[in-house]
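Okay, structure first, notes after.
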Ligand code: F6P
């Protein structure tokens with residue numbers, strides 16, 4: 001058992017998922033039962049709550065109500081999107097975090113989130129070491145985007161895929177009544193994991209993801225060929241970060257500037273306008289948006305989040321810190337935070353899933 005006694009803080013950050021609370025519950029319950037942890041504090045809105053000294057005493061919460069967290073979607077503690085500066089450039093936030101940690105004698109910090117959250121964990125862990133303040137940090141990975149490097153999957157992803165698939169399914173049943181093109185825009189930030197999986201599961205005819213830049217003429221050709229074959233409608237699953245071949249050649253800054261000038265609310269609407277301009281077809285856009293992060297978590301994610309929460313708890317008991325819990329080949333493992341921080345996991349355009357999708361006739365708009 002750890003010699004280091006003190007309070008622990010649990011925080012949730014980034015875009016919530018349907019299942020983020022189930023893993024938080026695993027950590028809270030273990031922490032409450034762990035001798036070396038004297039008090040369990042929940043940070044309101046992640047690291048922002050720490051900076052603003054907004055902390056809940058989880059030990060005072062009703063046990064029955066805490067148990068409800070297992071089924072409660074979205075982040076019960078509240079979330080934030082707050083990026084800490086490099087401490088070498090500006091250490092104001094770190095000094096404040098240290099002040100709060102000292103105030104409550106915080107010796108354990110668990111942070112539940114995606115890429116930026118693992119970066120926050122890594123920075124805090126290193127800063128505390130650099131100032132000689134003993135504090136154990138553990139990252140717990142969640143994001144619907146599944147873009148966290150080092151883990152085969154993130155929890156929240158499967159629930160989001162189910163919701164996006166359900167949207168595509170519903171469009172399918174109405175699409176057959178019209179001679180139209182339907183575009184469903186799927187979340188995923190800079191990567192296409194959710195779109196790829198939901199697109200295949202929902203039977204999309206075209207899937208556009210950021211990792212495979214598209215050519216609008218290839219997309220319109222697919223629609224024409226389908227019409228010629230007597231298929232009246234075409235369904236496109238489009239990742240919110242999908243990009244054309246032309247735009248993919250731009251430098252990051254140029255592309256950002258172009259996006260800032262975009263006259264449409266998002267890529268799906270831009271594509272819709274382009275398709276309507278190029279061919280005599282009506283196009284309709286559906287954006288499930290934040291519904292993909294809400295509602296009841298799927299069974300897979302509940303099991304996954306429980307396993308990850310339990311593994312995080314095991315790391316506390318074994319006194320292993322500075323890690324993110326990951327899932328590799330069906331097993332929970334620990335990965336050093338510094339290996340994970342700041343790295344994105346993209347869809348590999350050559351992966352088996354893409355090859356198989358191409359074989360059954362799905363177009364990725366590239367050739
Ligand atoms: O990172 C999760 C995510 O849902 C992305 O898929 C999406 O781009 C982003 O968050 C949306 O963020 P916000 O909730 O700030 O609109």
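A short reminder: the numbers here are calculations on the coordinates, not readings from a lab. Since the model is a prediction, treat every value here as computed from it, not as a measurement. Every residue, glycine among them, receives a Cβ derived from its backbone with ideal geometry; neighbour counts consider all protein chains shown.
Per this entry, residue 221 is counted among residues that are surrounded by fewer than 18 Cβ atoms within 10 Å (Cβ to Cβ) and either in a helix (DSSP H, G or I) or on the phi < 0 side of the Ramachandran plot (or both).
Residue-wise test of (1) surrounded by fewer than 22 Cβ atoms within 10 Å (Cβ to Cβ); (2) in contact (Cβ under 8 Å) with a residue 40 or more places away in the chain.
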{"residue": "8", "(1), (2)": "no, yes"}
{"residue": "31", "(1), (2)": "no, yes"}
{"residue": "40", "(1), (2)": "no, no"}
{"residue": "53", "(1), (2)": "yes, yes"}
{"residue": "81", "(1), (2)": "yes, yes"}
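Quick one: would you say residue 201 is within 16 Å of the ligand (Cβ to nearest atom) and under 17 Å from residue 286 (Cβ atoms)? No.
Of the listed requirements (1) farther than 30 Å from residue 6 by Cα; (2) over 15 Å from the mean Cα position of the chain (by Cα), residue 128 misses just one: (1). Here residue 85 clears all of (1) within 19 Å of residue 316 (Cα to Cα); (2) free of Cβ contacts under 8 Å to residues at least 12 places away in the same chain; (3) in contact with a helix residue (DSSP H, G or I) (Cβ under 8 Å, 6 or more places away or on another chain) except the condition numbered (1).
Just checking, does region 227-236 include any residue being crowded, with 20+ Cβ neighbours inside 10 Å, within 23 Å of the chain's Cα centre (by Cα), within 15 Å of the ligand (Cβ to nearest atom) and touching a residue at least 40 places away in the same chain (Cβ under 8 Å)? The answer is no; no qualifying residue exists.
Selection over region 176-205 of residues that are in contact (Cβ under 8 Å) with a residue 60 or more places away in the chain and more than 23 Å from the chain's Cα centre (by Cα) gives a count of 6.
Please indicate, with yes or no, whether at least one residue in region 82-93 is more than 20 Å from residue 341 (Cα to Cα) and out of contact with any strand residue (DSSP E or B) (no Cβ under 7 Å at 6 or more places or on another chain). Yes: region 82-93 contains one or more residues that are more than 20 Å from residue 341 (Cα to Cα) and out of contact with any strand residue (DSSP E or B) (no Cβ under 7 Å at 6 or more places or on another chain).
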